[in-house]
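Down below is the structure, laid out as structure tokens.
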């Protein structure tokens with residue numbers, strides 16, 4: 001499955017790769033919910049760390065100097081969702097994790113709309129410098145393969 005996912009992402013646009021990172025956040029938060037339901041504290045912590053790593057990665061790639069208000073809005077979103085996930089983890093709250101997933105899905109949906117019509121967002125490449133994709137971002141296996149792209 002990881003090989004298929006890697007091959008699929010090789011030809012993906014910058015926005016498609018951002019959407020894939022949002023999918024990763026959702027997947028790891030879902031794993032955190034499953035861990036909460038099992039009472040598995042360690043698995044919850046690992047899943048939360050992976051989700052937060054993606055958020056940090058996305059936040060670090062924002063181009064605040066030239067991204068303007070869209071970059072500021074994304075920075076605010078990343079800070080808020082980061083805090084929300086920490087609160088959900090601290091309280092081991094399935095409901096809080098579910099709310100975080102819904103928030104991420106909402107922003108992911110906006111990115112999907114951008115992917116469908118990239119010309120609708122002028123200067124999209126100025127909002128963020130694209131995250132570098134490592135295979136470990138998606139399947140937990142570090143391969144060192146990277147791609148550079150702009151979002």
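The values are calculated or read from the model by the stated rules, or taken from the named source; none is laboratory data. All values derive from a computational prediction rather than experimental measurement. Neighbour counts are summed over all protein chains in view; Cβ atoms, including those assigned to glycine, are modelled from backbone coordinates with ideal geometry.
If we keep just the residues of region 81-115 that are over 14 Å from the mean Cα position of the chain (by Cα) and buried (at least 18 other Cβ atoms within 10 Å of the Cβ), which is farthest from residue 43 (Cα to Cα)?
So in region 81-115, the residues over 14 Å from the mean Cα position of the chain (by Cα) come out as 83-84, 86-99, 113-115.
Narrowing the set further to residues that are buried (at least 18 other Cβ atoms within 10 Å of the Cβ) leaves 88-89, 96-97, 114.
Working: 88: 14, 89: 11, 96: 17, 97: 14, 114: 34 Å.
Filtering first and then ranking leaves 114.
Among the residues of region 21-52, those that are out of contact with any helix residue (DSSP H, G or I) (no Cβ under 6 Å at 6 or more places or on another chain) and either within 13 Å of residue 98 (Cα to Cα) or touching a residue at least 60 places away in the same chain (Cβ under 8 Å) (or both) comprise 23, 27, 30, 34, 37. Residues of region 10-46 that are at pLDDT below 95 and under 15 Å from the mean Cα position of the chain (by Cα): 14, 15, 16, 17, 18, 19, 20. I'd like to check something: does region 131-139 contain any residue that is closer than 16 Å to residue 18 by Cα, modelled with pLDDT of 95 or more, touching a helix residue (DSSP H, G or I) at 6+ places or on another chain (Cβ under 7 Å) and surrounded by 13 or more Cβ atoms within 10 Å (Cβ to Cβ)? Scanning region 131-139 turns up no residue that is closer than 16 Å to residue 18 by Cα, modelled with pLDDT of 95 or more, touching a helix residue (DSSP H, G or I) at 6+ places or on another chain (Cβ under 7 Å) and surrounded by 13 or more Cβ atoms within 10 Å (Cβ to Cβ).
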